[in-house]
Structure formats: structure tokens, C-alpha cells
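Heads up: the structure comes next, in C-alpha cells.
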Amino acid sequence: MAIDAPSRRFPAIVITGTPGTGKSTHAQLLAEESPIPLKHINVGDLIKEKSLHEGFDEEWQSYTVDEDKASSSCLLDELEPIVSEGGIILDWHTCELFPERWVDLVVVLRCNHTQLWERLEKRGYPLKKIQENNEAEIMDVVIEEARSSYAEEIVVELQSEGTEDLESNVSRIVQWIQAWRKDRGFVDADS
């Protein structure tokens, strides 16, 4: 089943960024504040739930994602009927896996590397994992991945360093949702 993005009533949004940038917090608040129904899917949790991993890596204190299973039809087949309906927020530390035809907006969250380091330390991440994620943030890995995978006009880079950023970012995405719906001729009761 191919997804016909132009006919969807509700958008498909990807919120991505280095671990610790606030993806899940943003996605949860957006789902609560959105003028339309949005379902938040934490893709990492879905991968664990559907056993699309190779097991738990003690050194990294995380599941090792089976890239073949995750990028093969298994995960995408699981997500496609959900995404085809729209009204979805996909929350994951990478975005290139999702076909461009699925996605209406890619939000890449960014954080100062010193603050990111502190957030990951508070999570109890091993030093090696903190260093790798911090380096990825410094080297613009996620934003470059988004820019190379999707049309420039749907990729938005937002700072995520505190509550003020969180509230501003969610408000900005809500405005984008309203404009997206209006551009497609959908009129909301609250608009």
C-alpha cells in the first residue's frame, strides 16, 4: 500500500535528534497541545516491542538495533498503515529510514554539547556512549542526515535547551500544523 501524502487529513511528523535533545518530551507535549489528534510513536520502544534488535549490549547499556530488520520491510511494514492515516509523530534518533513520501515535517532538535553531556550523565549513560552521542551532536550528524534524506523545505532545526525552547518549539509546530491543514483546504473548528 503506497502512502498518498497529499490526501491525508493529518500530517506525519518526524522528531529526531541526538539522544538527550528532548525528542520524546517534545513529541508528548505536541500530542497534548496539537489542534488535531496526533499519535506519538517512540520508534525505539516499538523496535524493542517487536524484537527488531540483536539483544542488549552491556557495554553500551542499550539495545543493539538490527539494522537489517529495522531498515527492511519489518519495521516499515509495521509503520506504513499507521503513517498512511497521518496524525502521527515518529520519535527516533535517526530519520533516514523513513521514506520521503511518508513525511510532511522533520524536526531536528539540537542542544549545546555541554548541556547534552550533562543530560546524558543524568541518564546514567556509560562514558563511551556519552562521548559518542556528544560527538554526533558536535559533528551535525542528525541534521546532515535529515538534509540529505528529505526536501529542504520540510526540515526544521530547533534548539532544545530548556523549558522555554520546548514551549516555543511546540507552539511553532502547532502553527505549522494549522498552516499545513489550511493549505490543503481543511478547516478546523478552532481555526
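Just a few scattered comments:
- DSSP bridge pairs, the chain: antiparallel proportion in percent, nearest 5: 15
- Segment residue 74..residue 9, full-extension length gain: 20.8 nm, with 0.36 nm per residue of separation and the alpha-carbon distance subtracted.
- For residue 39 and residue 138, a Förster radius of 45 Å and the Cβ-Cβ distance give a FRET efficiency of 0.85, rounded to the nearest 0.05.
- Overall dimensions of region 131-177 by Cα: Rg and Dmax, Å: 12.7, 35
- Listed by chain and number, the lysines whose alpha-carbon sits under 27 Å from that of residue 122, ignoring those within fewer than 8 places in the same chain, are 23, 48.
- For residue 155, distant residues with modelled amide H under 5 Å away: 106
- The alpha carbon centroids of region 136-191 and region 9-57 are separated by 14 Å.
- Database remark: amide H of residue 110 closer than 5 angstrom to the amide H of 158, 159, 160 (H placed geometrically; neighbours at sequence offset of 5 or more, or on other chains; Pro and chain starts carry no H).
- Range in the chain, longest, excluding exposed GluC sites (Glu not before Pro) [loop by DSSP; at most 12 other beta-carbon atoms within 10 Å]: 60-191
All of the numbers you see were taken from the coordinates with simple rules; none came from a lab. Only a predicted model underlies this, so the values are computations on that prediction, with no experimental measurement involved. Quick reminder, even Gly has a Cβ in these numbers, built from the backbone with ideal geometry, and neighbours come from all protein chains shown.
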